[in-house]
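Participant: Sharing a structure here in structure tokens format.
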Amino acid sequence: MTLYRFNRQAAFATFLIVLNTIYASQIPELGIPFAKGGEPGPAFLPVALCLFIYVAGLRILFTSMTAVITEDAPERSDTVPRLAQVGPLVVLGLTVLYLIAFPWIGYFASTAFYALLMSLFFNYESSGSLTDAAWKSVLTGIAITAFGWLFFVQLFGLFLPVWGG
């Protein structure tokens, strides 16, 4: 028998969309996204982030709601059994740890560690090979940390705690 159901991924996507809507409701207080001269204003990044989360959340929701699930093949990762069941909890847990660690250990350590672990989780889920996932995750962690530093500090001139508070 073929089933279409509201599964864990759909619930997680709905949760993200609701939280994003709450966050987006505060953006009008920041003003317009672009300041005079076309430079990004204080609302630029929050608007960009909200749009990204809406697109990603709606994509996850649509994909999970239209996926055909049969009774003999329940919802799970294609390569690592049961990973899809804990995925949203892992992502949420790593994000909470990142938010706690950021002011204490600074941008570089917390962001590199967070990007490495998130990338390791998703690379391992897609490949099923821990060795393959590990080297890709190290490169991803370094790239995201360096790009973030260049983007926020060099482009926007924002202060990020370097090695801790």
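Bear in mind these aren't lab numbers, they're just calculated from the coordinates by the rules spelled out. Predicted model, so just to flag it, every value in this text is computed and none were measured. Here the Cβ is made from the backbone with ideal geometry for all residues, glycine too, and neighbour counts use every protein chain on show.
Participant: Stretched out fully, how many nm does the piece from residue 135 to residue 14 gain, at 0.36 nm a residue minus the Cα gap?
Facilitator: Values: separation 121, 0.36 × 121 = 43.56 nm, distance 3.24 nm.
This chain segment gains 40.3 nm when fully extended.
Participant: Sorted from fewest to most neighbouring beta carbons within 10 Å, what does the list 105, 142 look like?
Facilitator: 142, 105
Participant: Going by C-beta contacts inside 10 Å, put 29, 125 in order with the fewest on the left.
Facilitator: Numbers: 29 8, 125 17.
Ranked by crowding around the Cβ, least crowded first: 29, 125.
Participant: Right, another one. P(r) tail for the range 79-165, what percent of Cα pairs lie past 19 Å?
Facilitator: 45 percent
Participant: I'd like the Karplus ³J(HN,Hα) series for the range 147-155: coefficients 6.51, -1.76, 1.60, θ = phi - 60°, whole numbers in Hz, and an x wherever there's a Gly or Pro.
Facilitator: So the Karplus estimates, Gly and Pro as x, are 4, x, 4, 4, 5, 7, 7, 6, 7 Hz.
Participant: Between residue 65 and residue 91, what FRET efficiency follows from the Cβ-Cβ distance if R0 is 22 Å, with the result rounded to 0.05?
Facilitator: 0.70
Participant: Something else: Please give the FRET efficiency for residue 21 paired with residue 146, using the beta carbon to beta carbon distance and R0 = 30 Å, rounded to the nearest 0.05.
Facilitator: 0.40
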